Amino acid sequence: MVIAIDGPAGAGKSTVARAVAQRLGFTYLDTGAMYRCVGLAASSDPDSPAGEVAARVNIVLGDRVLLDGRDVTEAIRTAEASEGASRVASDPAVRAALVAKQQAIVAGGDWVAEGRDIATVVAPDAAVKVFLTADPEERARRRAADLGQLVEEVLKAQHERDVRDQTADRSTLEAPKDSIPVDTTGLTLDEVIEQVVTLAVEAK
Ligand code: C5P
């Protein structure tokens, strides 16, 4: 069974997806971490096409994130890594390579998969499709608190990323037709987790 959680940057997808997976005894798949790894690998191998890099790299997700055996858990969370991820993610060859890896991963077992295109591309047959949103200021406030940066700076970078993420095949600001929109603005984390867990239990 797959529970798909999509939505824009800063909507709280990672925290919610991880908590929901724990509550249900499912495994959590952070597809953004995979794009971040490819961004990192591509930047240290600028002569190879990013799609080739994406197909070649070995990414291991878990408590620690390993990229070709190197621990990149912290390295993939910097502002530069976010930029790099968003840039390689607009390359169709990168997307094809990572979607293939993601589909192989979720083919067995129970998963809470989080990203931008889970419900539409990676797992169109997902049992539950949730689209998490929050208004832009709230998203920026949450990320600024996480990163220890100014809200204004985060808001600007977030807007640029939203625009870049907003391409034809991964519309990140609107819920796909068959997804359930959950607006987290003003909700506590526990309230959001409860809503998603309820949807999952109903779908079982
Ligand atoms: O979710 P996270 O912020 O870690 O994702 C990093 C970047 O990877 C996003 O800005 C987006 O461009 C890209 N991404 C994507 N498709 C996914 C997950 C992430 O394009 N399924």
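The values are calculated or read from the model by the stated rules, or taken from the named source; none is laboratory data. Only a predicted model underlies this, so the values are computations on that prediction, with no experimental measurement involved. Cβ atoms come from the backbone with ideal geometry, glycine included; neighbour counts cover every protein chain shown. Only protein heavy atoms, including side chains, enter the accessible area calculation; ligands, DNA and RNA are left aside. Shrake-Rupley method; radii C 1.70, N 1.55, O 1.52, S 1.80 Å.
What the table below lists for this structure:
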| read-out | value |
| --- | --- |
| Helices (runs of 4 or more DSSP H) contained in segment 1-102 and holding at least 1 residues touching a Lys or Arg at 6+ places or on another chain (Cβ under 6 Å) | 79-88 |
| All positions within segment 6-18 that are buried (at least 19 other Cβ atoms within 10 Å of the Cβ), over 12 Å from A200 (Cβ atoms) and not basic (K, R) | D6, G7, P8, A9, G10, A11, G12 |
| Which listed residue, of A33, A42, A55, is at pLDDT 95 or above, open to solvent by 40 Å² or more (accessible area, probe 1.4 Å) and either more than 17 Å from A89 (Cβ to Cβ) or not aromatic (F, W, Y) (or both) | A55 |
| Positions within segment 172-184 being open to solvent by 50 Å² or more (accessible area, probe 1.4 Å) and in contact with a helix residue (DSSP H, G or I) (Cβ under 9 Å, 6 or more places away or on another chain), in sequence order | L173, D178, I180 |
| Exclusive hit being within 24 Å of G39 (Cα to Cα) and either modelled with pLDDT of 95 or more or open to solvent by less than 10 Å² (accessible area, probe 1.4 Å) (or both), set A168, A127, A96 | A96 |
| Close pairs from segment 113-126: first within 8 Å of the ligand (Cβ to nearest atom), partner in a loop (DSSP other than H, G, I, E, B) and open to solvent by less than 10 Å² (accessible area, probe 1.4 Å), Cβ under 7 Å, at least 6 apart | R116/T172 |
